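Worksheet for the structure shown next.
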């Protein structure tokens, strides 16, 4: 989830941002609202924000602008006074942030390692069986230090009923590019604390795993998966006019438990 800071002394704008109901659906946490340039700059200095929006008296507005110029990693967006315009601004910001994150991933030197991570987790999604020792060895070898196999994980199996028709009649760019486009939607959680891996079995049958990189309860991981899939459905409808039917969604106490289930299944 992306983080937004609003800095304004206007009560009507503060109320709009505090009561806007669709932050999560737009991929954002509920914003932090500050009333002055000094308080806003303090927040930006001490906490991480992806987006900042401000509307202040002239002197304070210049103070905010001078600070933001020195922080090119923080996106500035227009401050608005109605929910329709806010929805539009957030949609623009989210698309820019997703594109920025995708470019950063491509540019990172450990891109090959990330591909190997994905292959390992996709093997688990396919039903490959691993012992606890094998999982530990895999995570260590691949350098996946943030993924504690003792933490809960969540898995979803879903279908895109129009997938075959979409690939053959609508999509003109080939299966690989379709898979990349869907991966950009399903694997982008907007958070460094949660990682998703997509397994595309065929154009209409897919599985998704969510792995927390921080301590989370089983219930919280499951709830995060539910919220993430809702956002994915919105993106599918918006960009591809596709719908998604969730067939199964499970939460496991650990990655070990998921692998153990795979092991039991292959043993019979």
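The values are calculated or read from the model by the stated rules, or taken from the named source; none is laboratory data. Treat the numbers as computed from the prediction; the structure is a model and nothing was measured. For neighbour counting, all protein chains shown are included, and Cβ atoms are generated from backbone atoms with ideal geometry for every residue, glycine included.
For every residue, the table says whether it meets (1) modelled with pLDDT of 75 or more; (2) touching a strand residue (DSSP E or B) at 6+ places or on another chain (Cβ under 9 Å).
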position	(1), (2)
110	no, no
115	yes, no
118	yes, yes
131	yes, no
135	yes, no
141	yes, no
145	no, no
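Condition check for residue 250 on (1) assigned to a helix (DSSP H, G or I); (2) touching a strand residue (DSSP E or B) at 6+ places or on another chain (Cβ under 8 Å): one failure, at (1). Has region 55-68 got any residue that is crowded, with 18+ Cβ neighbours inside 10 Å and within 20 Å of the chain's Cα centre (by Cα)? No, region 55-68 has no match at all.
Matching residues to (1) modelled with pLDDT under 95; (2) touching a strand residue (DSSP E or B) at 6+ places or on another chain (Cβ under 6 Å); (3) surrounded by 16 or more Cβ atoms within 10 Å (Cβ to Cβ); (4) on the phi < 0 side of the Ramachandran plot:
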{"site": "3", "(1), (2), (3), (4)": "yes, no, yes, yes"}
{"site": "6", "(1), (2), (3), (4)": "no, yes, yes, yes"}
{"site": "21", "(1), (2), (3), (4)": "yes, no, no, yes"}
{"site": "24", "(1), (2), (3), (4)": "yes, no, no, yes"}
{"site": "34", "(1), (2), (3), (4)": "no, yes, yes, yes"}
{"site": "42", "(1), (2), (3), (4)": "yes, no, no, yes"}
{"site": "47", "(1), (2), (3), (4)": "yes, no, no, yes"}
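Scanning region 219-256 for residues that are buried (at least 17 other Cβ atoms within 10 Å of the Cβ), within 22 Å of residue 131 (Cβ to Cβ) and out of contact with any helix residue (DSSP H, G or I) (no Cβ under 7 Å at 6 or more places or on another chain) turns up just one, 254. Considering the conditions (1) buried (at least 19 other Cβ atoms within 10 Å of the Cβ); (2) at pLDDT 90 or above; (3) more than 22 Å from residue 128 (Cα to Cα), residue 198 is excluded by exactly one of them, (3). Somewhere in region 166-176, is a residue touching a strand residue (DSSP E or B) at 6+ places or on another chain (Cβ under 6 Å) and closer than 24 Å to residue 100 by Cα? No: region 166-176 contains no residue that is touching a strand residue (DSSP E or B) at 6+ places or on another chain (Cβ under 6 Å) and closer than 24 Å to residue 100 by Cα.
Name every residue in region 135-151 that is assigned to a helix (DSSP H, G or I) and in contact (Cβ under 8 Å) with a residue 60 or more places away in the chain, in order of residue number. Quick ask: steps written out before the conclusion?
Let us first name the residues in region 135-151 that are assigned to a helix (DSSP H, G or I), namely 135-142.
The one that is assigned to a helix (DSSP H, G or I) and in contact (Cβ under 8 Å) with a residue 60 or more places away in the chain: 135.
Consider residue 260 carefully, then state whether it is in the same structural domain as residue 156 (by TED's automatic domain parsing), touching a helix residue (DSSP H, G or I) at 6+ places or on another chain (Cβ under 9 Å), surrounded by fewer than 20 Cβ atoms within 10 Å (Cβ to Cβ) and part of a helix (DSSP H, G or I). Steps first, answer last, please.
On the way: in the same structural domain as residue 156 (by TED's automatic domain parsing): yes; touching a helix residue (DSSP H, G or I) at 6+ places or on another chain (Cβ under 9 Å): yes; surrounded by fewer than 20 Cβ atoms within 10 Å (Cβ to Cβ): yes; part of a helix (DSSP H, G or I): yes.
In short, yes.
Residue 185 meets each of the listed conditions (1) within 26 Å of residue 236 (Cβ to Cβ); (2) modelled with pLDDT under 80; (3) within 24 Å of the chain's Cα centre (by Cα) apart from (2).
Please pick out the residue among 129, 154, 191, 118 that is surrounded by fewer than 19 Cβ atoms within 10 Å (Cβ to Cβ), touching a residue at least 40 places away in the same chain (Cβ under 8 Å), under 26 Å from residue 246 (Cα atoms) and touching a helix residue (DSSP H, G or I) at 6+ places or on another chain (Cβ under 6 Å). Break it down stepwise before answering.
Numbers: 154 fails: surrounded by fewer than 19 Cβ atoms within 10 Å (Cβ to Cβ); 191 fails: touching a helix residue (DSSP H, G or I) at 6+ places or on another chain (Cβ under 6 Å); 118 fails: touching a helix residue (DSSP H, G or I) at 6+ places or on another chain (Cβ under 6 Å).
Unique residue meeting the criteria: 129.
Are any of the residues in region 31-51 touching a helix residue (DSSP H, G or I) at 6+ places or on another chain (Cβ under 7 Å), touching a residue at least 60 places away in the same chain (Cβ under 8 Å) and not in a helix (DSSP H, G or I)? No, region 31-51 contains no residue that is touching a helix residue (DSSP H, G or I) at 6+ places or on another chain (Cβ under 7 Å), touching a residue at least 60 places away in the same chain (Cβ under 8 Å) and not in a helix (DSSP H, G or I).
For every residue, the table says whether it meets (1) more than 17 Å from residue 27 (Cβ to Cβ); (2) out of contact with any strand residue (DSSP E or B) (no Cβ under 6 Å at 6 or more places or on another chain).
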site	(1), (2)
179	yes, no
203	yes, yes
219	yes, yes
222	yes, no
228	no, yes
231	no, yes
234	no, yes
237	no, yes
261	yes, yes
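Scanning region 221-238 finds no residues that are on the phi > 0 side of the Ramachandran plot and within 14 Å of the chain's Cα centre (by Cα).
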